[in-house]
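Undergrad: Pasting in a structure now, in structure tokens, and then I'll have a few things to ask.
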Amino acid sequence: MSSAMLVSLVLVFCLASSDTCTEHRPMGEALSSPMACMVEGQQLAQEWLADHPGWTLTRVRCESERRSDDGSQ
């Protein structure tokens, strides 16, 4: 059984006026590559920031996942 490498997007936003941060995982499904993750992450981060004034993007992370071709982990 072969497995595919998938990537999940994680965005970390912090309030500019405090140490309060939140981790946001906007994708319900994993992406197919780190490049797709970074491109999608830029767009989603801009959209999130437009809806949340006072917050700043502090980190973008693309986490690797391994899943088998039948969809199980």
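The values are calculated or read from the model by the stated rules, or taken from the named source; none is laboratory data. If you're wondering where the values come from, they're calculated on a predicted model, not measured in any experiment. Every residue, glycine among them, receives a Cβ derived from its backbone with ideal geometry; neighbour counts consider all protein chains shown.
Undergrad: Can you name the residue in the range 28-58 that is in contact (Cβ under 8 Å) with a residue 40 or more places away in the chain and of a type in the set (Ser, Thr, Tyr) and is also farthest from Leu11 (Cα to Cα) among such residues?
TA: Thr56
Undergrad: Mind telling me which of the residues Ala50, Ala45, Ala36 ends up being at pLDDT below 90 and small (Gly, Ala, Ser)?
TA: None of the other options fit; the residue is Ala36.
Undergrad: Out of the residues in the range 15-33 meeting the condition of being surrounded by 12 or more Cβ atoms within 10 Å (Cβ to Cβ) and either under 13 Å from Val60 (Cβ atoms) or charged (D, E, K, R) (or both), tell me which one is modelled with the lowest pLDDT.
TA: My answer is Met27.
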